[in-house]
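To start, the structure itself, in structure tokens.
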Amino acid sequence: MVSADRILGSTALTYALAYTLGLLEKRYFLYGDEAFNHQYHELADIGLFVSDARPIDVSFKEETFKSTEYLSERSLTVTVPSGAGGEKGDMGRFTKTDPRWMSSDSPASIKKVRRYIGLAPGSTFEFTVWSKEQIPDDFFLTLGIRRSGELRAKKTKLANKVHLNLYMLKEVYGISDGSSGDKRLNLIDVYNASEKLVRGSDSRKQHLLDVDINFCNDKIIPLIFGG
């Protein structure tokens, strides 16, 4: 199963903003190690700092099932609405023999089926952007590896707390983990200023929840922007 997360990572959001605002040139080809082990270092010097997107009203309404009939090299994609509750989906609505014309009446092996669960249209998130330059109050973003996700960003009242991305703080902006005894701002300080650390299945999906906005303004932003 491949499913969207309830928290949108600032890696994707920062790239989406940078492309929309013309701060980065799109790179259509990557070579060698960078093609599969991207490091995001180019985001450090574009004059933007973006929080993770905190879920406000988020649901998961559809599932797309993709199955490949290997012998005939024919692919099948079916999208169905999810079950009650909308968050976990309903595999039971897509049986092994649906649709019936996959080239045979034999059930498709379950190992051939991948489930993709996406965010429902109208899902709402909140994220904060610090920028050296003025940015629009209302604009569209496309995000995701295929740029197929569409998001409308509108200015609203300033949040009191924000979600921050641990990977971005450490690997992109170079904030140390504090193990070297350095007295400057480190990740332990950020962790202590947050309510909780959430770990995900990927290093880019580690979120420090509800960091006070004043701590960000006073401690993090000067370090990132070189003030």
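The values are calculated or read from the model by the stated rules, or taken from the named source; none is laboratory data. What you see is a predicted model, and the numbers here were worked out from it, not measured in a lab. In this analysis, Cβ positions are derived from the backbone assuming ideal geometry, glycine residues included, and neighbour counts consider all displayed protein chains.
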Could you grab the pairs with beta carbons closer than 6 Å, sequence gap of 6+ or different chains, first residue in segment 30-46 and within 15 Å of Ser10 (Cβ to Cβ), second one modelled with pLDDT of 75 or more and not hydroxyl-bearing (Ser, Thr, Tyr)?
Tyr40/Val172; Leu43/Val172; Ala44/Val172; Ile46/Ala18; Ile46/Leu23
If the requirement is being within 25 Å of His38 (Cα to Cα), in the same structural domain as Ser51 (by TED's automatic domain parsing), crowded, with 18+ Cβ neighbours inside 10 Å and β-branched (Val, Ile, Thr), which of these qualifies: Ile175, Ile221?
Ile175
Could you give every pair whose Cβ atoms fall below 6 Å, whose first residue belongs to segment 2-14 and is on the phi < 0 side of the Ramachandran plot, and whose second residue is of a type in the set (S, T, N, Q) and not in a loop (DSSP other than H, G, I, E, B), counting only separations of at least 6 or pairs across chains?
Gly9/Asn165; Ser10/Asn165
Can we say Arg184 is among the charged types (D, E, K, R) and either at positive phi or assigned to a loop (DSSP other than H, G, I, E, B) (or both)?
yes
Residue list for segment 190-218, restricted to those being outside any strand (DSSP E or B), surrounded by 15 or more Cβ atoms within 10 Å (Cβ to Cβ) and not hydrophobic (A, V, I, L, M, F, W, C):
Tyr191, Ser194, Arg204, Lys205, Gln206
Suppose we filter segment 148-172 for residues that are loosely packed, with under 14 Cβ neighbours inside 10 Å and more than 15 Å from Ile221 (Cβ to Cβ); how many remain?
8
